[in-house]
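Here's the structure, in structure tokens; my notes come after.
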Amino acid sequence: MKTRIDQILAKEKLNRLDIITLLSVKDTQESEKIFKKAYEIKKEYIGNKVYLRGLIEYTNKCEKNCLYCGIRAANKSVDRYVMDEKTVLDGARYAIENDYGSVVIQSGEICNDSYTDKIAELIYKIKQMGGQGLGITLSLGEQKPEVYQKWKDAGANRYLLRIESSNEELYYKIHPQNDKHNYQKRLEALQSLKDLGYQTGTGVMIGLPFQTIEDLANDLIFMKKFDIDMVGMGPYLEHDQTPLSKYDHLLLPQSQRFHLSLLMIAILRIMMKDINIAASTALQAIATNGREHGLMAGANIIMPNVSDLNYKPKYQLYNNKPGITENSDSFIENLKNKLNILGEEIGWGVAGNSRHFQSRQK
Ligand code: SAH
Ligand code: SF4
């Protein structure tokens, strides 16, 4: 007999109630059906290739104070660093020489001219090294449109700015309420990235204190409505030295946050068939082979850290960041073996642009 889940999965289009019903699934067999459907859609629309983005965590300095984040400005116990140019370019060269096809530069949010000019210079130099085909993604927070334009002119083509939560009220429970942390401004920044012609990515944290299943359903609807090209989302994870940690007792167990994150990926894949979806590092932080589970639920992007190993432990957004001691070569060797078993392949040497973005351009 067909279950309610079978009926929903057979539909052309999901409505809010369908999404809520899917997100509420706890039964293993029923969740497997959702993952399987998402995986089939992924294979049909974008294939079985996993694209790599070599991640460089440029600096852990940050001007903001997001209540959930370990490297927030007010955390005095963080040993702050800024990579020198050689370190950044070495990381990028490693990614290029090993055929990753794309590089990501991520950091805390810093808005002064000397910082934004330096980033432009690094983008330019990386692009020179990697050639026209290289994808360069930025995840450097909210900036003025002029800055986004400057970085695009230098060679960046994708930008990841998570909305964190599409519920404005919840947004202010996880951010201070001031000019630097303003929901409307974040939305405007995301819109300006799209207007400037970036492949535009967003995402949310899953399992935040005070967050409901309805909030998560609305997050997915937000992504669809915004017609986003790429998504990076993952479980919210505790960090002891943050104000939000006083609500740790309200959190779902990590195993449930993990399960919910996989459901979010799978449902989004069913809703947006040709976008790029990352299997986030946070997934890996709370479950063995978390990333691979993400791929089997419909994700198609992995972001291996190519930064110098010395910096990794200092870029702790949450407790127990995985892979702090693992070097990039052994990471890839391991990944290749695991993907082989799953019937997935790495898309070597190509940028792996969002198909959705490409069809949006036409
Ligand atoms: N400063 C930039 C980029 C770096 S932070 C920005 O904020 O956009 C990248 C992402 O890490 C954030 O968007 C947030 O979603 C995630 N993050 C921060 N703290 C986290 C935590 N405790 N658990 C899970 N994800 C977290
Ligand atoms: Fe800074 Fe980003 Fe962390 Fe917010 S989430 S404190 S902007 S690094």
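The values are calculated or read from the model by the stated rules, or taken from the named source; none is laboratory data. Keep in mind that this is a model prediction, so the values were computed, not measured. We place every Cβ from the backbone using ideal geometry, glycine too, and count neighbours over all the protein chains shown. The area values use the complete protein model at the heavy-atom level, side chains included, leaving out ligands, DNA and RNA. Shrake-Rupley method; radii C 1.70, N 1.55, O 1.52, S 1.80 Å.
Antiparallel versus total DSSP beta bridges in region 72-229: what percent is that, nearest 5?
Numbers: 1 of 12 bridges.
Once the DSSP bridges in region 72-229 are tallied, antiparallel ones form about 10 percent.
Give, in whole angstrom and from largest to smallest, the semi-axes √(5λ) of the equivalent ellipsoid of region 227-296, with λ running over the eigenvalues of the Cα gyration tensor.
Working: eigenvalues 117, 35, 23 Å².
Taking √(5λ) for each Cα gyration eigenvalue gives 24, 13, 11 Å.
If you average 1/r over all unlike Cα pairs in region 11-78 and invert the result, what Kirkwood radius do you get in angstrom? Please report the intermediate quantities before stating the final value.
Numbers: mean 1/r = 0.0606 Å⁻¹.
Radius from the Kirkwood sum: 16.5 Å.
I need the semi-axes of the equivalent ellipsoid of region 134-284: take the C-alpha gyration tensor, multiply each eigenvalue by 5, square-root it, list largest first in whole angstrom.
Working: eigenvalues 131, 70, 38 Å².
Value: 26, 19, 14 Å, ordered largest first.
Mean-square fluctuation check for the chain, GNM, Cα pairs under 10 Å: which of Ile301, Ile228, Ile213 is largest?
Ile213
Heavy atoms only, 1.4 Å probe, whole protein assembly: order Glu57, Glu188, Glu333 by accessible area, highest first. If you can, show how the numbers build up before the last one.
Values: Glu57 10, Glu188 120, Glu333 90 Å².
Largest to smallest exposure gives the sequence Glu188, Glu333, Glu57.
Among the DSSP beta bridges whose two residues both lie in region 177-328, what percent are antiparallel, rounded to the nearest 5?
Values: 1 of 10 bridges.
So the antiparallel bridges amount to about 10 percent of the total.
Restricting the count to DSSP beta bridges whose residues both fall in the chain, what percent are antiparallel, rounded to a multiple of 5? Don't jump to the answer; show the numbers that get you there.
Values: 2 of 32 bridges.
Of the beta bridges lying entirely in the chain, close to 5 percent run antiparallel.
Quick one: plug the Kirkwood hydrodynamic radius of region 32-110 (C-alpha pairs) into Stokes-Einstein at 37 °C, 0.692 mPa s, and report D in µm²/s. Don't skip to the answer; put the middle values down first.
Working: Rh = 15.5 Å.
Calculated translational D: 211 µm²/s.
Can you list the residues, at least 5 places off or on another chain, whose amide H is less than 5 Å from the amide H of Gly54, using H built in the peptide plane?
Residues meeting the amide H criterion: Ser102, Val103, Val104.
If you add up the charges near Ser280, with Lys and Arg at +1 and Asp and Glu at -1, over every other residue whose beta carbon is less than 13 angstrom from its beta carbon, what do you get? Let's see the in-between values first.
On the way: positive: Arg53, Arg162, Arg257, Arg291, Lys321; negative: Glu292.
In short, +4.
Of the peptides 240-246, 169-175, 294-300, how do they stack up when ordered by the mean number of other Cβ atoms within 10 Å, highest first? Working shown, then result.
Details: 240-246: 16.1, 169-175: 18.0, 294-300: 26.9.
Put in order of decreasing packing, that is 294-300, 169-175, 240-246.
Sort Thr200, Thr21 from largest to smallest accessible area, using a 1.4 Å probe on the heavy atoms of the protein chains. Please report the intermediate quantities before stating the final value.
On the way: Thr200 0, Thr21 40 Å².
Sorted by accessible area, descending: Thr21, Thr200.
Quick one: what are the phi-derived ³J(HN,Hα) couplings along region 95-105, Karplus 6.51/-1.76/1.60 with θ = phi - 60°, whole Hz, x for glycine and proline?
5, 5, 5, 9, 6, 5, x, 8, 10, 10, 10
In straight Cα distance, which aspartates and glutamates are under 19 Å from Lys312, not counting same-chain residues fewer than 8 positions off?
Glu57, Asp79, Asp84, Glu85, Asp90, Glu109, Glu238, Asp240, Glu326, Asp329
What's the local net charge at Gln184, with K and R +1, D and E -1, over the other residues with C-beta under 12 Å away? Walk me through the numbers on the way to the answer.
Values: positive: Lys185, Arg186; negative: Glu142, Glu168, Asp179, Glu188.
Surrounding charge for Gln184 is -2.
Tell me which residues come under 5 Å, amide H to amide H, from Thr212 once H is placed; ignore anything under 5 positions away on its chain.
Sorted by chain and number, the residues that satisfy this come to none at all.
Probe radius 1.4 Å, ligands and nucleic acids ignored: give me the carbon and sulfur share of the accessible area of the chain as a rounded percent. The partial results should precede the final answer.
Details: 7540 of 15290 Å².
For the chain, the apolar C and S fraction of the accessible surface comes to 49 percent.
Step through the residues of region 260-272 one at a time and calculate ³J(HN,Hα) from phi using the Karplus curve (6.51 cos²θ - 1.76 cosθ + 1.60, θ = phi - 60°), rounding each to whole Hz and writing x for Gly and Pro.
5, 5, 5, 4, 4, 4, 5, 5, 4, 4, 5, 7, 10
For region 190-203, just list the computed ³J(HN,Hα) in residue order, Karplus coefficients 6.51, -1.76 and 1.60, θ = phi - 60°, integers in Hz, with x standing in for Gly and Pro.
Result, rounded to whole Hz: 5, 5, 5, 4, 5, 4, 7, x, 6, 5, 9, x, 9, x.
In the full protein assembly as shown, how much of Lys224 is accessible to a 1.4 Å probe, in Å² to the nearest 10?
That residue has around 90 Å² of solvent-accessible surface.
Determine the alpha carbon to alpha carbon distance for each of Lys42/Lys314; Lys2/Lys225; Lys64/Lys246; Lys246/Lys314 and list only those over 28 Å.
Working: Lys42/Lys314 35 Å; Lys2/Lys225 30 Å; Lys64/Lys246 19 Å; Lys246/Lys314 23 Å.
Correct reply: Lys42/Lys314; Lys2/Lys225.
Using Cα centres only, tell me the gap between region 262-293 and region 319-335 in whole Å.
First find each Cα centre; the distance between them is then 18 Å.
Any cysteines in the chain with zero other Cys Cβ atoms under 4.7 Å from their Cβ? List them, or say none.
Cys62, Cys111
Could you give the spread of the C-alpha atoms of region 115-201 along their three principal axes, from largest to smallest, in whole angstroms?
That works out to 44, 22, 19 Å along the principal axes.
Hey, can you find the accessible area per residue of the chain for me, probe 1.4 Å, expressed in square angstrom?
Working: 15290 Å² over 362 residues.
Value for the chain: 42 Å² per residue.
For the chain, what does the equivalent ellipsoid look like in terms of its semi-axes, each the square root of 5 times an eigenvalue of the Cα gyration tensor, given largest first in whole Å?
On the way: eigenvalues 172, 114, 83 Å².
Listed largest to smallest, the semi-axes of the chain are 29, 24, 20 Å.
Would you mind working out the magnitude of the charge dipole of region 174-270 relative to its Cα centre, with +1 at each Lys and Arg C-beta and -1 at each Asp and Glu C-beta, to the nearest 20 Debye?
Dipole of region 174-270, to the nearest 20 debye: 100 debye.
Taking square-rooted eigenvalues a ≥ b ≥ c of the alpha carbon gyration tensor, is region 218-359 rounded, prolate or oblate, where a/c under 1.5 means rounded and, failing that, a/b exceeding b/c means prolate? Working shown, then result.
On the way: a/c = 1.70, a/b = 1.10, b/c = 1.55.
Taking the square roots of the gyration eigenvalues as a ≥ b ≥ c, region 218-359 is oblate.
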